[in-house]
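What follows is one structure encoded as structure tokens, with my remarks underneath.
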């Protein structure tokens with residue numbers, strides 16, 4: 001790891017933006033929400049239905065955090081009944097390539113990880 005990267009990630013400063021963003025991206029739901037929104041704008045209920053195990057509250061918390069960071073936009077339409085859609089911003093769209101890279105890495109190393117887990121658990 002490059003020294004400057006280690007300094008950002010390992011900083012004792014809990015307010016480090018690098019650390020905050022990495023924590024958010026590594027949480028249980030963020031990347032699932034981002035990946036689901038990659039297909040295009042989604043309503044809250046649609047997101048909830050597509051992401052198994054995600055509670056109403058956690059979806060709300062996750063969407064608000066992503067919106068605060070400028071990764072997701074929320075559009076409320078003046079209709080009856082009210083309609084709200086969420087979509088990735090251009091900044092949020094840049095995460096899709098990163099997610100794809102991680103998925104490719106997992107696909108390429110599944111066997112090795114499984115073998116290591118089996119050896120560790122034995």
Test of understanding: in a Gaussian network model of the chain with alpha carbons linked when under 10 Å, which of 30, 60, 18 would top the mean-square fluctuation ranking? 18
Length added when fully stretched, residue 101-residue 121, from 0.36 nm per residue minus Cα-Cα: 4.4 nm
Just 59, 48, 17 to compare: in a GNM of the chain, with alpha carbon springs under 10 Å, which one fluctuates most? 17
Mind grabbing the base-10 log of I(q)/I(0) for the range 3-121 at q = 0.22 Å⁻¹? Debye formula, identical points on the C-alpha positions, no solvent, two decimal places. -1.25
Highest GNM mean-square fluctuation, the chain, Cα pairs closer than 10 Å: which of 79, 87, 67? 79
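Values in this text are rule-based calculations from the coordinates and carry no lab data. Keep in mind it's a predicted model, so treat the numbers as computed, not measured.
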